[in-house]
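Encoded as structure tokens, the structure appears first; notes follow it.
The values are calculated or read from the model by the stated rules, or taken from the named source; none is laboratory data. A quick note: this is a predicted structure, and the numbers were derived from the prediction, not measured. Please note that ligands, DNA and RNA were not included when accessible areas were found on the heavy atoms of the full protein model with its side chains. Shrake-Rupley method; radii C 1.70, N 1.55, O 1.52, S 1.80 Å.
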Amino acid sequence: MLNKKLEDAFNKQINAEFWSAYLYLSMSLNFENAGLSGIANWYKIQFQEEQAHAQIFMDYVNKRGGRVELQPIEAVPTKWESPLNAFEETLKHEKVVTSLINDLFALAEEVRDYASRDRLLWFVTEQVEEEDNANQIIEKLRLIGNDGMGLYMLDQELGSRTYTTPSPLASAE
Ligand code: FEO
């Protein structure tokens, strides 16, 4: 049985993951409209990944006999002035998510729920990837500056990103 404090915190995190999904879907639509379909593709996959993160948490809460309570998802921004601005916002957001995961991890330790701590460890590692991915694209965009050809090539590159089911879900298939 899940500790009540931890159950509430997992429910908040499920909502945060869905908010992230909604944010990245909004970014994807924004760049589709701007004619940058590769960046739109990158964000669409990010949208799928965030839904998978929520699913991992929901499966876990259920498995532990807890109760998932879905809350309303708050509105997200709908416009970004440039790809650089969007990826900077992405990195900023992922840093917030990292701190939420770290808080959950600390809570699992506090209530001596080591199974939850174990589950959260996957997310700790995932957040390193999430921040690194955004950071690498920011660095490329800074190099590109106002070079249209550079942006065109980066858009092509990001268009090749494909979705892979995260391992906690893949192993449950
Ligand atoms: Fe669910 Fe982008 O972390």
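Key figures for this structure:
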| read-out | value |
| --- | --- |
| Length gained when the stretch Asp59-Asn146 is fully extended (0.36 nm per residue, less Cα-Cα span) | 26.8 nm |
| Hz values of 3J(HN,Hα) by residue in the range 103-110 - Karplus curve (6.51, -1.76, 1.60), Gly and Pro given as x | 5, 5, 4, 5, 5, 4, 5, 4 |
| Per residue solvent-accessible surface (Å²) - the chain, probe of 1.4 Å | 55 Å² |
| Max mean-square fluctuation residue, GNM over the chain, Cα-Cα springs under 10 Å, options Leu143, Leu107, Leu151 | Leu143 |
| Cross-link table Lys12/Lys95; Lys95/Lys140; Lys5/Lys44; Lys5/Lys92, entries beyond 22 Å C-alpha to C-alpha | Lys5/Lys44; Lys5/Lys92 |
| Residue-span extension gain [Ala75 to Leu29] - 0.36 nm each, minus C-alpha spacing | 15.1 nm |
| For the chain, calculated [θ]222 nm from helices alone, where every DSSP H run of n ≥ 4 adds -39500 (n - 2.57) | -26500 deg cm²/dmol |
| Value of relative contact order over the chain, rounded to a whole percent, pairs C-alpha under 8 Å and six or more apart | 31 percent |
| For the range 133-173 versus the range 1-53, the gap between their alpha-carbon centres in whole angstrom | 16 Å |
